[in-house]
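> Sharing a structure below in structure tokens format, with a few things to ask.
The values are calculated or read from the model by the stated rules, or taken from the named source; none is laboratory data. Note that the structure is a prediction, hence the values are computed from the model and not measured. Neighbour counts are summed over all protein chains in view; Cβ atoms, including those assigned to glycine, are modelled from backbone coordinates with ideal geometry.
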Amino acid sequence: MSDTAPTTADARKLAQDARDRVRFEEEALELSDQVYRVARRLVGSREEAEDLVQQTYERAFRSWRQYTPGTNLRAWLLRILTNLNIDRGRRQQRTPQTTSIDSNEAGDYFLYNKLESQVSDENPDEERVLERLSQDSIVEALADVPHDFRDVIVLVDIGEFSYADAAQILDIPIGTVMSRLHRGRRILKKNLADGAVTG
Amino acid sequence: MDWCEKCEELMQPFLDGTLSDDEVATAQRHLDECSWCAKRYHFEERLRHYVRIAVSEPMSPDLKARLAALRTPLDA
């Protein structure tokens, strides 16, 4: 064995390391659209979402070795993003702090019943009823859901994360994810019903 | 008991696929004969889809470029 062997091995390891890093960065960047979509609804403004996503990628690229290959990279990125968001103290929260949750809740049929009553047809189909809701009204209604509930809706219903992933990202038990999701959707629908105006 | 009320209670877990087989059967039996509830279940499915689309805002090309610039240079 020549005495250059360890150096060659080191060089090989270094090259492998660089390749792993490049692959990690490429894979993370491929997910950036999806990460942004979730981030945009976790915070109040586009600027805040952009800052948050940029900081998330800066931190992810710095600590890429902590990611375990083969695990859910999108969830790993969202975990970083959520922690950063909490560190920022959730500034510029739109959620009115005075809102009582109970007063914002109604049954799961409440929204449909309200919208259907606004359609002039005798027995309208579901699409006609759904058309009562504008895109803006949905964005508003979601933004007005208190953040504990909104976070779960955004991760599960918008980001399509599993309950287990959402639980890990938010560092709460799965049962809490499910109960917040159910209550959160009811709050969202109540907000939509309150925002739906006749005409 | 009021079956429509029971069905309303079961709607979210039914659509999430988290009910027990017995509960699914209970809800399904009612839905098969109650178009009033079936309509509301269908609306909920459509609403979830619609909400997902409605709140989707694409990332700006500017941010995309800024993120790409964070990559480690290849010659580093």
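> For residues that are more than 9 Å from chain A (Cβ to nearest Cβ), assigned to a helix (DSSP H, G or I) and in contact (Cβ under 8 Å) with a residue 12 or more places away in the chain, tally how many sit in the range B:11-35.
Count: 7.
> Whether any residue in the range A:128-150 is modelled with pLDDT under 90 and either over 25 Å from B:GLU57 (Cα atoms) or of a type in the set (Val, Ile, Thr) (or both) is what I want to check.
yes
Okay, residues lined up against (1) assigned to a helix (DSSP H, G or I); (2) farther than 17 Å from B:GLU45 by Cα; (3) in the same structural domain as A:ARG46 (by TED's automatic domain parsing):
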position: A:SER117; (1), (2), (3): yes, yes, no
position: A:SER120; (1), (2), (3): no, yes, no
position: A:LEU133; (1), (2), (3): no, no, no
position: A:ASP136; (1), (2), (3): yes, yes, no
position: A:ARG150; (1), (2), (3): yes, yes, no
position: A:ILE153; (1), (2), (3): yes, no, no
position: A:ALA166; (1), (2), (3): yes, yes, no
position: A:VAL177; (1), (2), (3): yes, yes, no
position: A:LEU188; (1), (2), (3): yes, no, no
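> Tell me which residues, restricted to the range B:1-10, are touching a residue at least 24 places away in the same chain (Cβ under 8 Å) and within 11 Å of chain A (Cβ to nearest Cβ).
B:CYS4, B:CYS7, B:GLU8
> Being crowded, with 17+ Cβ neighbours inside 10 Å and over 22 Å from A:LEU181 (Cα atoms) is the filter here; which residues of the range A:125-134 pass it?
A:GLU126, A:VAL129, A:ARG132
> Return yes or no: is A:SER137 surrounded by fewer than 19 Cβ atoms within 10 Å (Cβ to Cβ), within 13 Å of chain B (Cβ to nearest Cβ) and farther than 23 Å from B:LEU15 by Cα?
So A:SER137 passes the test.
> Looking at (1) under 27 Å from A:TRP76 (Cα atoms); (2) crowded, with 21+ Cβ neighbours inside 10 Å, which is the one condition that is false for A:ILE187?
(1)
> Kindly indicate the residue of the range A:140-154 that is within 12 Å of chain B (Cβ to nearest Cβ) and buried (at least 16 other Cβ atoms within 10 Å of the Cβ) and also nearest to the chain's Cα centre (by Cα) among those meeting that condition.
A:VAL154
> Restricting to the range B:36-69, give me the number of residues that are of a type in the set (Asp, Glu) and not in a helix (DSSP H, G or I).
Total satisfying the criteria: 1.
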